[in-house]
């Protein structure tokens, strides 16, 4: 175990609550163990991690993220995502393979949504031309979590969002029966509706009943 992983393990072990861990695992339907540490309790540890273990370069960043991610508890992986988010200079197309690996390995909404909107999404926003073709490949991937990430990747782009691409992704995935794809379509459209409500209304009208009831309800919540 490296110094970073050892620090996080020691700090989290001191905060562990076995009873809370059982409830958290049940809520998340997770076979992966929890420490039982709620988010506010993790904050001082995560701040210390970012301050005490800054990566010297891209390789060190990649190694540190992997070191945390490979630890056995769910909060360890939350720490890996927090660490990855903290060093924005490394949110580059060269790191997309790392973020993709995290999505595939995490394969559940609590990991995937954070990675998609804050790591993939931040990279996409900064490097639109380089990342968009990669997202075009992701939206056709066999892995449902990769497709969900492509749909949610622009969740925080607001005025910079590529509307035509978002609508195309939603249109292409509209027939998917997976709950997490249908929910992602509705969520992405609902978020974009804050910026362009008329555009989202027109898209919903265009799609009609080709969109699932879940996607439509989510998209129209604030229209």
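The conditions of being under 19 Å from residue 16 (Cα atoms), under 18 Å from the mean Cα position of the chain (by Cα) and at pLDDT 95 or above are met by residue 69.
Looking at residue 103, is it closer than 23 Å to residue 67 by Cβ, in contact with a helix residue (DSSP H, G or I) (Cβ under 6 Å, 6 or more places away or on another chain) and either without any contact (Cβ under 8 Å) to a residue 40 or more places away in the chain or assigned to a helix (DSSP H, G or I) (or both)? In short, yes. For residue 117, the stated conditions hold: it is at pLDDT 95 or above and within 24 Å of residue 75 (Cβ to Cβ). Residue count for the range 1-42 under the criterion of being in a loop (DSSP other than H, G, I, E, B), modelled with pLDDT of 95 or more and within 14 Å of residue 76 (Cβ to Cβ): the result is 7.
When the test is whether a residue is over 20 Å from the mean Cα position of the chain (by Cα) and not in a helix (DSSP H, G or I), residue 221 passes it.
Does residue 142 meet the test of being part of a loop (DSSP other than H, G, I, E, B), surrounded by fewer than 21 Cβ atoms within 10 Å (Cβ to Cβ) and out of contact with any helix residue (DSSP H, G or I) (no Cβ under 8 Å at 6 or more places or on another chain)? Yes; evaluated as a whole, the condition is true for this residue.
Summed over the range 43-59, residues that are in a loop (DSSP other than H, G, I, E, B) and buried (at least 17 other Cβ atoms within 10 Å of the Cβ) total 2.
Kindly establish whether residue 77 is under 13 Å from the mean Cα position of the chain (by Cα), within 30 Å of residue 9 (Cβ to Cβ) and free of Cβ contacts under 8 Å to residues at least 60 places away in the same chain. Criteria met by residue 77. Across the range 201-213, not a single residue is classified as at pLDDT 95 or above, in contact with a helix residue (DSSP H, G or I) (Cβ under 6 Å, 6 or more places away or on another chain) and closer than 20 Å to residue 121 by Cβ.
The values are calculated or read from the model by the stated rules, or taken from the named source; none is laboratory data. Since we're looking at a predicted model, the values are computed, not measured. Neighbour counts run over all protein chains shown; Cβ positions are idealised from the backbone, glycine included.
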